1. Spot the failing condition for A:A30; the list is (1) more than 22 Å from B:Q45 (Cα to Cα); (2) outside any strand (DSSP E or B); (3) hydrophobic (A, V, I, L, M, F, W, C), and only one is missed.
2. Just checking, does region A:3-23 include any residue being in contact (Cβ under 8 Å) with a residue 40 or more places away in the chain, within 19 Å of B:A91 (Cβ to Cβ) and not small (G, A, S)?
3. Among the residues of region A:46-73, count how many are within 29 Å of B:C90 (Cα to Cα), surrounded by fewer than 17 Cβ atoms within 10 Å (Cβ to Cβ) and at pLDDT below 90.
4. What number of residues in region B:30-39 are in contact with a strand residue (DSSP E or B) (Cβ under 7 Å, 6 or more places away or on another chain) and either in a loop (DSSP other than H, G, I, E, B) or on the phi > 0 side of the Ramachandran plot (or both)?
5. Go through region B:3-29 and report how many residues are part of a loop (DSSP other than H, G, I, E, B) and in contact (Cβ under 8 Å) with a residue 60 or more places away in the chain.
6. Has region B:71-87 got any residue that is crowded, with 16+ Cβ neighbours inside 10 Å, over 27 Å from A:S50 (Cβ atoms) and aromatic (F, W, Y)?
7. Specify which of the listed residues (B:R108, B:R112) is over 10 Å from the mean Cα position of the chain (by Cα), within 14 Å of chain A (Cβ to nearest Cβ) and in contact (Cβ under 8 Å) with a residue 12 or more places away in the chain.
Amino acid sequence: GAVVSQHPSWVICKSGTSVKIECRSLDFQATTMFWYRQFPKQSLMLMATSNEGSKATYEQGVEKDKFLINHASLTLSTLTVTSAHPEDSSFYICSAKIPGQGYSPLHFGNGTRLTVT
Amino acid sequence: GNSVTQMEGPVTLSEEAFLTINCTYTATGYPSLFWYVQYPGEGLQLLLKATKADDKGSNKGFEATYRKETTSFHLEKGSVQVSDSAVYFCALSVDSSASKIIFGSGTRLSIRP
């Protein structure tokens, strides 16, 4: 079945550095992917919609210069957290839909836990 | 705005017990409603959905009915198993293709043998 893979599953970085998280659709092509962020004991919050070959669409309140999204191919979207700070520590999850299937469910990656020290 | 409120966990039950996880929503328009489940070490996956009022979604023995009058979509199962231990998320979508999903905070369920 369809699988979405995220890498890395966890990462620790120092404050001020940048971290890249990859989201891959393994057996289908995804023109659109979604990035979510989850704080402990809170909801998954949609951060942005990643569109293959065009700019990402960010949700209100999400800093586009802070969270850079690149969807350069039909199977890969990347989220780069730039100049990371401890408050960026969170669980980041991506998802994708198989295109052309109308009301098909989203497929989610296993998430990436980012810890900024 | 659109939001989902669900029962705080963790919830711990014995095997074969009856399960209810409450979920209520606020939405503009006519949302579709979902329950997603995340088993340990795995990604979120769709458990069931309902797209209009009075629809009942069901899967793996779980059921939830779309109640517009009470803006609720409570998840129920008559007899839980240890393998049902997971985190359950209630969610809604107001776009026609259900691409943008708004999630509740999740409820961790643990089943004792």
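The values are calculated or read from the model by the stated rules, or taken from the named source; none is laboratory data. Note that the structure is a prediction, hence the values are computed from the model and not measured. Glycine also receives a Cβ, built like all others from the backbone with ideal geometry; neighbour counts cover every protein chain displayed.
1. Tallying (1) more than 22 Å from B:Q45 (Cα to Cα); (2) outside any strand (DSSP E or B); (3) hydrophobic (A, V, I, L, M, F, W, C), A:A30 fails exactly one: (1).
2. Yes: one or more hits.
3. 1
4. Selection size over region B:30-39: 2.
5. Going through region B:3-29, the residues part of a loop (DSSP other than H, G, I, E, B) turn out to be B:7-10, B:15-18, B:22, B:27-29.
Checking which are in contact (Cβ under 8 Å) with a residue 60 or more places away in the chain leaves us with B:7-10, B:15-18, B:27-29.
Going through region B:3-29 one residue at a time, the tally reaches 11.
6. Checking region B:71-87: at least one residue is crowded, with 16+ Cβ neighbours inside 10 Å, over 27 Å from A:S50 (Cβ atoms) and aromatic (F, W, Y).
7. Working: B:R112 fails: within 14 Å of chain A (Cβ to nearest Cβ).
Exactly one of B:R108, B:R112 is over 10 Å from the mean Cα position of the chain (by Cα), within 14 Å of chain A (Cβ to nearest Cβ) and in contact (Cβ under 8 Å) with a residue 12 or more places away in the chain, namely B:R108.
Yes or no, residue by residue, for (1) more than 15 Å from B:T71 (Cβ to Cβ); (2) in contact with a His (Cβ under 9 Å, 6 or more places away or on another chain); (3) modelled with pLDDT of 95 or more:
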{"position": "B:N2", "(1), (2), (3)": "no, no, no"}
{"position": "B:P10", "(1), (2), (3)": "yes, no, no"}
{"position": "B:E15", "(1), (2), (3)": "yes, no, yes"}
{"position": "B:L19", "(1), (2), (3)": "yes, no, yes"}
{"position": "B:Q38", "(1), (2), (3)": "yes, no, no"}
{"position": "B:G43", "(1), (2), (3)": "yes, yes, no"}
{"position": "B:D54", "(1), (2), (3)": "no, no, yes"}
{"position": "B:N59", "(1), (2), (3)": "yes, no, yes"}
